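Rule-based calculations on the coordinates, nothing more; no lab input. Because the structure is a prediction, the values reported are computed rather than measured. Methodologically, a virtual Cβ is constructed for each residue, glycine included, from the backbone with ideal geometry; neighbour enumeration extends over all protein chains shown.
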Ligand code: NAD
């Protein structure tokens with residue numbers, strides 16, 4: 001399968017290029033960067049730490065979609081919305097890892113999924129997808145006198161907060177509890193906040209260093225705590241999950257799929 005990498009000079013983009021090269025059945029179709037990028041014209045595989053293979057960073061994104069069976073997007077929300085339109089126009093499978101999308105940008109993804117298979121996940125690691133199921137299960141089992149708090153830490157360059165994964169864990173907890181996360185989430189505490197509201201799902205965000213992604217869901221009761229923790233040692237777990245998702249789209253009908261779908265079939 002020919003796979004294109006959008007944002008191929010980014011932190012995840014370089015990991016994705018390396019992962020495609022290492023994966024049987026996957027072939028690198030090319031890669032693109034933002035218009036005017038300092039990486040334009042540079043060799044894509046060399047940027048990813050491999051021997052040059054004659055493919056250079058381009059900015060003709062439509063041509064990349066046309067040359068690919070599936071395209072992987074770990075870029076920025078505004079670019080992802082534009083890429084979704086190209087996936088729709090060219091009926092090319094799209095794998096979306098970009099987080100922090102607003103409602104209009106998410107609508108563009110949903111629209112693309114009417115014409116092509118789209119796999120979207122806030123986190124492509126196998127371990128986090130297991131943790132989503134466990135979080136839903138624990139939240140459904142423990143009554144709401146167990147307070148739910150979600151703590152995440154990422155590297156100093158991350159631009160959105162809480163992380164897409166923390167929000168997905170919040171959604172899983174809310175689903176288990178049978179409540180709406182929007183009505184129950186407590187994202188910021190500062191100053192004289194008063195006591196914790198029963199049933200809230202709280203978030204705390206830490207940023208620093210080169211942390212690839214740590215998440216803990218805490219269920220704090222009177223006299224005991226249950227904690228579920230996942231730590232990504234490096235970004236390769238996200239890249240291997242995303243390439244696995246790309247291969248999974250082969251022959252799939254159009255539709256919006258999750259990494260849980262990929263792992264369960
Ligand atoms: P990064 O800033 O290192 O890379 C993003 C790249 O996208 C940059 O190189 C940038 O130039 C490029 N880009 C911007 N506009 C573009 C355009 N129009 N066309 C092509 N390329 C464009 O960021 P990163 O750490 O690689 O993370 C990227 C995204 O992936 C973030 O939203 C992050 O939260 C998300 N992420 C998701 C997962 C997951 O498993 N879902 C894991 C890690 C990171």
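Dividing the C-alpha radius of gyration of the stretch 70-157 by 2.2 N^0.38 Å, with N its residue count, gives 1.34. The sum of -39500 (n - 2.57) across all DSSP H runs of n ≥ 4, divided by the residue count of the chain, sets its helix-only mean residue ellipticity at 222 nm to -11000 deg cm²/dmol.
Each of 5, 201 has some number of other Cβ atoms within 10 Å of its Cβ, and from fewest to most they run 201, 5. As a proxy for reagent exposure, ranking 206, 6 by other Cβ atoms within 10 Å from fewest up yields 206, 6.
With contacts taken as Cα pairs under 8 Å and at least 6 residues apart, the chain reaches a relative contact order of 21 percent.
The value for the stretch 140-234 of Rg(Cα) / (2.2 N^0.38 Å) is 1.09. For the chain, the Stokes-Einstein estimate of translational diffusion at 10 °C and a viscosity of 1.306 mPa s comes to 82 µm²/s, using the Kirkwood hydrodynamic radius over alpha-carbon pairs. For the chain, the longest principal axis of the Cα atoms and the long axis of helix 11-22 meet at an angle of about 60 degrees.
Here 192, 215 are placed in order of increasing Cβ neighbour count within 10 Å, fewest first, which gives 192, 215. Building the convex hull from the alpha-carbon atoms of the stretch 9-86 and averaging its projection over directions returns 4.9 nm². For the stretch 106-189, the normalised intensity computed at q = 0.17, 0.19, 0.22 Å⁻¹ comes to -0.83, -0.98, -1.16 (log10 of I(q)/I(0), Debye sum over alpha carbons, equal scatterers, no solvent). Each 5 Å bin from 0 upward holds the following percent of the Cα-Cα pairs of the stretch 184-265: 3, 9, 15, 14, 15, 14, 13, 9, 5, 2, 1, 0.
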